[in-house]
Amino acid sequence: MARHTLFTKERTVYWPSEFATFVNFLKGQDDNGQQRMPALYGYNTGAMILAAAVGVVRKRKREVGAKTQEISTATFASQGLEAYLFLLPLLGRADASIDLLRPEHEDELLREFERYAAGGFEVLQGMFDASAGKSAEVILQQEMRKVMHKAQEQVAEALPDLFNL
């Protein structure tokens, strides 16, 4: 049975190759892809969603650059993560509207997602580099608390009437 997709056609999502070692670390792997420790994420897609969420919350985005890795939107869809490719860029925009979910804006939202992911990878890499001695789990838990708190604030601002019933 064919899986339903949110995109009108399969597309490619890019992320900076310079963070491949960091993504492998999040997956518990060494530079050669060998499992060396418990994984925080099983796939690149989960690490990329985390990075984009951090990028949105920290208002940090940057261009992906010329050296990239790629993941198809079908891969995100097969893991139930496809909606984040739309949601996260929308949360980062002051002018977000339902019109941005139209098919003609799919590429625009994907490129914005990629920029937030690249910025988020930069933030996360810096946090790990500056936090020698702390476990990866502790660092990510602290950051995820910030991400969740900020997401709740953003939803409350965007939908104030739902919270005043």
note = If we keep only residues of region 14-30 that are of a type in the set (D, E, K, R) and over 21 Å from residue 62 (Cα atoms), then the residue surrounded by the most Cβ atoms within 10 Å (Cβ to Cβ) is 27
ask   = Yes or no: residue 63 more than 19 Å from residue 147 (Cβ to Cβ) and part of a loop (DSSP other than H, G, I, E, B)?
value = yes
query = Any idea which residue in region 87-99 is nearest to residue 59 (Cα to Cα), counting only those that are surrounded by 14 or more Cβ atoms within 10 Å (Cβ to Cβ) and either among the basic types (Lys, Arg) or modelled with pLDDT under 90 (or both)?
reply = 92
query = Here is a list of conditions, (1) modelled with pLDDT of 95 or more; (2) touching a Gly at 6+ places or on another chain (Cβ under 9 Å); (3) not β-branched (Val, Ile, Thr); (4) not in a helix (DSSP H, G or I), and residue 48 meets all of them except one; can you say which number that is?
reply = (4)
request  = From (1) part of a helix (DSSP H, G or I); (2) over 16 Å from residue 10 (Cβ atoms); (3) in contact with a helix residue (DSSP H, G or I) (Cβ under 6 Å, 6 or more places away or on another chain), pick out the condition that doesn't hold for residue 85.
outcome  = (2)
ask   = In the set 143, 106, which member is closer than 20 Å to residue 28 by Cα, crowded, with 16+ Cβ neighbours inside 10 Å and modelled with pLDDT under 95?
value = 143
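The values are calculated or read from the model by the stated rules, or taken from the named source; none is laboratory data. Fair warning: this is a prediction, and the values are worked out from it, not measured in the lab. When we count neighbours, we look across all protein chains shown, and the Cβ atoms used for this are built from the backbone with ideal geometry, even at glycine.
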